[in-house]
Structures are given as C-alpha cells and as structure tokens.
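Notes follow once the structure below has been shown.
The values are calculated or read from the model by the stated rules, or taken from the named source; none is laboratory data. Note that the coordinates shown come from a computational prediction; the quantities given were computed from them, not determined experimentally. Cβ atoms come from the backbone with ideal geometry, glycine included; neighbour counts cover every protein chain shown.
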Ligand SMILES: [Zn+2]
C-alpha cells in the first residue's frame with residue numbers, strides 16, 4: 001500500500017506553543033485565532049504522534065501567515081529544522097509576508113535553499129495583501145515561478161456561515177489572481193472556497209487548470225460528499241487530502257475519508273500521489289527501503 005500524505009497541517013515552535021500570549025500581542029490574525037487558550041497549537045512532535053496513531057506516513061507542514069517578516073523567518077527556521085529531523089516524514093512550506101516586497105522574494109529563495117517544498121499557507125486578510133492587485137505579490141510569485149515552487153493560498157467561501165479566520169479570499173478574487181499569473185502553480189486550500197464548483201464554466205476551468213485543491217478543515221465547511229463531487233469536477237489528480245491538523249483530528253478525518261467510497265485509484269491520488277506530484281516530494285528513506 002502506498003504512503004498516506006496529509007497535505008495540509010500547521011506546527012509551531014515550542015516557544016510559540018508555550019508562550020502564545022507574547023505572540024497574541026504581536027499579530028492581529030494570530031490573536032483572532034489563538035487568543036483563546038483552548039485553540040490548539042502543536043509542535044512537530046505532537047504532529048508526528050498524531051500521524052502515528054492515525055496511520056499517516058508523511059505530512060506537509062505550514063507555519064502561520066504572520067504579518068511580521070521577522071516572525072515568518074523564525075518560523076521557517078523551525079520548520080526546516082523539524083523536517084530535517086523527521087527522517088523524511090515531514091516536508092514544509094515557507095511562510096513569507098508579501099507586503100515586505102523584495103524581501104519576501106528573498107525569503108522564498110532562502111527557504112528553497114533550506115529545502116522548502118513550496119510557499120504557504122499565505123493569507124490575504126492576515127497578511128494584508130490584495131489578491132485583485134497582483135503586483136502586491138509579484139516578488140513572491142516570480143520567485144516561485146523561477147524555482148518551480150507551488151504557492152498555497154488560504155481560500156474561503158463567499159456564502160455560508162461565518163467563522164474565525166474566514167476572511168475574504170473568495171473564488172472571484174482567486175480568479176483575478178490566477179489570471180494575472182498563468183505560470184504559477186497554485187494550491188487553493190479549503191476546497192478553494194468553492195472554486196471547483198465554478199469549474200463547470202469553461203473559462204473558469206481554463207483559468208484554474210493549474211490549481212490543486214486541498215480538503216483542509218473540510219468538516220467545518222462541507223458534508224463528506226464534497227470529496228466525490230470535487231473529484232468528479234476536476235479529477236483526483238487535482239485533489240489532496242489535508243486535515244488542517246490540529247484543526248481536525250487526523251485519525252477520525254482519515255477514517256471518514258476512507259469511507260466515502262472512492263475507487264482504489266482515486267484514493268491513491270487523493271491520499272498521497274497528488275501531493276507527491278504537486279510538492280515534488282521525494283521518496284522518504286522508509287519508502288526507498290520498502
Ligand atoms: Zn491551514
């Protein structure tokens with residue numbers, strides 16, 4: 001059986017996990033999501049333990065969309081170090097602050113040299129950039145295109161219930177961004193805020209052809225048939241299982257995804273192969289030995 005990859009998780013350094021109050025004062029979005037001490041923050045060790053008990057072999061880890069480039073850099077260093085120590089089980093995406101301009105492009109380059117598999121999860125609301133003014137993000141995008149790194153964006157629904165962290169990165173805004181940067185490979189998190197449903201429109205399908213969707217936090221947003229529906233719309237090669245751990249428990253979520261009735265081929269893609277392709281994840285030592 002092929003490895004299961006969770007394509008969307010978040011980890012923090014022990015310093016942030018233990019000292020969250022200090023960071024609440026330094027970042028508005030972090031305050032919104034994590035001022036509540038019951039909102040879970042986890043380290044790489046916590047994630048690996050959860051993966052072990054869920055039967056998840058590998059994970060793509062993100063940090064947090066900090067507004068301050070200095071905190072982004074520190075977080076990237078923690079991710080690089082954690083992944084290096086994970087024996088190939090964890091790969092990471094770099095967080096950069098697009099508002100920093102050229103410095104953000106330089107951080108993408110630094111992160112790539114440290115082994116990052118992509119950039120993200122960037123968040124237009126948290127980091128105060130405008131998806132409909134793509135020039136804001138040019139240094140980041142151009143560096144991603146040069147280095148062939150995918151960019152993972154937080155995305156959200158223009159309709160439905162409101163929740164902490166929902167934001168305004170809706171499909172119309174994502175489309176404006178996509179048309180400005182046709183060469184960029186994009187991962188639209190959280191089912192792209194519903195963008196795959198609009199892919200029934202040919203011009204939207206054309207603009208989104210280079211987008212891959214992940215299922216982060218799915219159960220807070222959609223019923224489980226969303227897996228069947230989106231796979232039917234865009235194909236399993238553009239859909240990735242991602243929990244948004246610790247937002248969702250990996251064991252329970254994986255069990256339920258396995259229960260939605262995907263074919264063996266669809267499961268293999270969604271539970272690992274798509275992520276392997278998108279993030280160019282090399283075989284881990286365990287996989288190479290198998
Ligand atoms: Zn996320």
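Observations on the structure shown:
- Residue list for region 145-195, filter: in contact (Cβ under 8 Å) with a residue 60 or more places away in the chain, within 16 Å of the ligand (Cβ to nearest atom) and under 15 Å from residue 120 (Cα atoms): 150, 152, 154, 187, 189
- Residue match in region 242-250 (condition: part of a helix (DSSP H, G or I) and touching a residue at least 60 places away in the same chain (Cβ under 8 Å)): yes
- Summed over region 254-290, residues that are assigned to a helix (DSSP H, G or I), surrounded by 12 or more Cβ atoms within 10 Å (Cβ to Cβ) and either on the phi > 0 side of the Ramachandran plot or at pLDDT 95 or above (or both) total 18.
- The number of residues in region 60-71 that are in contact with a helix residue (DSSP H, G or I) (Cβ under 7 Å, 6 or more places away or on another chain) and either under 18 Å from residue 8 (Cβ atoms) or part of a strand (DSSP E or B) (or both) comes to 6.
- Picking from residues in region 96-119 that are out of contact with any strand residue (DSSP E or B) (no Cβ under 7 Å at 6 or more places or on another chain) and part of a loop (DSSP other than H, G, I, E, B), the one that is surrounded by the most Cβ atoms within 10 Å (Cβ to Cβ) is 97.
- Beta carbons closer than 8 Å, at least 6 apart along the sequence or on distinct chains, pair a first residue in region 121-141 that is farther than 15 Å from residue 154 by Cα and modelled with pLDDT of 95 or more with a second that is within 16 Å of the ligand (Cβ to nearest atom) and assigned to a loop (DSSP other than H, G, I, E, B) for 140/96.
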